[in-house]
1. Going by the conditions given, is Ala272 in contact (Cβ under 8 Å) with a residue 60 or more places away in the chain and either assigned to a helix (DSSP H, G or I) or in contact with a strand residue (DSSP E or B) (Cβ under 6 Å, 6 or more places away or on another chain) (or both)?
2. Would you confirm, using the coordinates I've provided, whether Gln108 is free of Cβ contacts under 8 Å to residues at least 60 places away in the same chain, over 30 Å from Glu465 (Cα atoms) and either outside the structural domain of Leu162 (by TED's automatic domain parsing) or not charged (D, E, K, R) (or both)?
3. So which residues in region 259-290 are within 26 Å of Leu99 (Cβ to Cβ), of a type in the set (A, V, I, L, M) and buried (at least 18 other Cβ atoms within 10 Å of the Cβ)?
4. Go over the candidates Glu309, Glu246 one by one and state the one that is assigned to a strand (DSSP E or B), among the charged types (D, E, K, R) and more than 30 Å from Ala447 (Cα to Cα).
5. With respect to Ile342, is the statement that it is surrounded by fewer than 19 Cβ atoms within 10 Å (Cβ to Cβ) and in a helix (DSSP H, G or I) true?
6. If I ask for residues that are under 17 Å from Gly504 (Cα atoms) and without any contact (Cβ under 8 Å) to a residue 60 or more places away in the chain, which ones from region 456-476 would you list?
7. Here are Arg378, Arg350: which of them is over 26 Å from Trp238 (Cβ atoms) and either part of a helix (DSSP H, G or I) or at pLDDT 95 or above (or both)?
8. Any idea which residue in region 433-468 is surrounded by the fewest Cβ atoms within 10 Å (Cβ to Cβ), counting only those that are among the charged types (D, E, K, R) and closer than 22 Å to Val11 by Cα?
Amino acid sequence: MLSGRIGPDPVQYWLGWTAFARDEWRWPPGANPGWGMELASSVFYSDSIPLLAFLFKALRPVLEVAQYWGMWIYACGALQAVLAWALMGRATTDPLARLAVAGLFVMQPLLLGRLGGHFALGGQFLLLMGLWLCVAPGQGVRRGGAWAGLMAAASLVQAYILPMIGALWAADWLARAAERDRRGGGLILAEALVVPAAGVAGLWAGGFFLLSGGFGGTWGGYGKMQLDLLAPFDPGYWGALLPDIETAGHLEAGNSYPGLGALAVIGLGALAWVSGPRGALRRYWALLLVLAGLLLLAVTHRVAIGGREFEVLPLPDWIVSRADALRASERFFWPVLYAALIGGAVALVRRLGGKRAGFVLFAALMLQAIDLRPGFARLHHYFIVQPPTVPLRLSDPFWLEAARHYAFVRVVPTGMQAPNWEEVAVYAATLGLQTDAVYLARLDPRAVEALNARVVALLERGAHEPRTFYVLGDEAALARARAGIDPSRDLLERFNDRWVLAPGWRDQPAANSPAR
């Protein structure tokens with residue numbers, strides 16, 4: 001088992017996958033009530049990469065996979081390199097130039113910072129696939145089918161990547177629709193329906209629509225996790241060669257620095273483009289327009305410069321509330337940066353020729369490696385090697401016995417990272433119980449409030465749910481539990497420093513008062 005300084009997110013992914021894998025197939029396929037119960041749980045909101053979860057659940061009768069994060073991490077790095085190599089191959093056949101650009105795309109804090117914990121967000125190779133489709137020639141059914149497949153895949157990987165892919169498709173579709181000698185207008189119109197529908201279908205399959213509210217999350221809504229205009233030049237803990245500068249201090253900040261080598265390629269490429277032919281503006285006008293829109297979306301209406309915020313465009317509350325699902329808007333800088341990096345490299349090839357540009361790009365790659373040494377060192381010590389299995393924190397014999405008598409365990413009150421959530425969730429996943437102890441990407445606060453009110457009322461009346469026991473997280477819950485117990489049959493005791501109500505415990509033939 002790998003553990004490290006990465007917070008609870010990988011635990012979340014494993015919990016979601018474990019409950020999903022052992023459950024029967026449901027409708028929609030991503031429904032995952034074993035972890036979340038009434039809280040609209042799905043494998044989508046546990047960030048367990050539904051695309052892989054579906055695959056390995058289908059293979060479970062012949063191949064049981066405990067977790068697939070290592071495979072995913074390696075695949076993200078490999079596909080990032082392969083697609084960067086392919087993109088550069090549209091400009092040159094020089095192997096050194098293509099290899100150097102592939103290395104620059106892999107040595108990206110944007111990517112590496114996610115593979116240390118936010119695994120699904122490491123699927124940035126999908127953005128390179130989108131850029132490839134934007135610059136590669138093609139029309140007709142095959143082109144539309146490629147975009148539909150990419151949209152469906154993005155919807156089953158991570159919610160933030162989907163609108164980025166949708167924006168790139170819109171740029172390509174608009175450019176093809178505007179071609180003067182275009183044929184097949186009916187196919188273009190059909191594509192305008194089929195491609196978005198593929199994304200919506202993927203969201204449905206993953207269980208996105210099982211949640212009806214709470215899309216802004218717990219860390220604030222749109223405009224509060226924006227791209228600081230100086231963030232691409234702030235090395236933070238990643239870079240060794242540029243001075244650290246003040247930028248936004250929100251949770252998303254710190255991973256928009258592309259590295260000094262990448263900055264050098266973008267800067268030199270801009271100079272090469274200014275001094276050379278500028279046909280790309282006319283050829284890729286739609287892509288440039290969409291990338292500008294993504295940049296504005298990343299910056300938001302609350303512009304941050306050096307950590308200071310200015311609300312340059314006040315937006316009505318109804319617009320902001322609908323954009324809350326895109327709260328971590330800084331991420332929409334990713335396709336902009338990747339397009340700028342490949343564009344800079346291509347401009348250098350056009351100006352210098354493939355061979356000479358290869359030497360320049362390789363030098364930039366070496367500069368990148370030197371600059372990012374602090375970030376690499378941090379990642380090297382990010383994970384701590386541990387045994388394949390570790391003892392449960394809830395080690396009292398009661399917990400093992402309870403798993404034999406009950407099918408459900410609740411934490412009271414429940415909610416996002418409620419008291420005792422992680423210990424109870426790991427216990428439930430390990431021993432095959434269902435639970436509402438969760439940490440999910442999004443939770444509907446109204447659903448949480450309604451569930452807590454219902455469960456507290458049941459406890460107070462002594463109307464305990466069948467085959468369910470309760471882990472009490474505060475004094476109010478403990479008081480309600482005491483009011484509703486029947487001491488002759490119900491157990492209210494403290495195990496591993498946690499108060500537990502086990503209804504009907506004393507009626508179990510093998511359940512005496514367990515050791516504490």
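The values are calculated or read from the model by the stated rules, or taken from the named source; none is laboratory data. In this text, all values refer to a predicted model and were calculated from it rather than measured experimentally. Neighbour counts are summed over all protein chains in view; Cβ atoms, including those assigned to glycine, are modelled from backbone coordinates with ideal geometry.
1. yes
2. no
3. Leu260, Ala262, Leu263, Ala264, Val265, Ile266, Leu268, Ala272, Leu287, listed by residue number.
4. Numbers: Glu246 fails: assigned to a strand (DSSP E or B).
Result of the check over Glu309, Glu246: Glu309.
5. Values: surrounded by fewer than 19 Cβ atoms within 10 Å (Cβ to Cβ): no; in a helix (DSSP H, G or I): yes.
So Ile342 does not fit the description; no.
6. Leu458, Leu459, Glu460, Arg461, Gly462, Ala463, His464, Glu465, Pro466
7. Only one candidate qualifies: Arg350.
8. Of the residues in region 433-468, the ones among the charged types (D, E, K, R) are 436, 442, 444, 446, 449, 454, 460-461, 465, 467.
Now drop any that are not closer than 22 Å to Val11 by Cα, which leaves 436, 442, 444.
On the way: Asp436: 29, Arg442: 20, Asp444: 17.
Result: Asp444.
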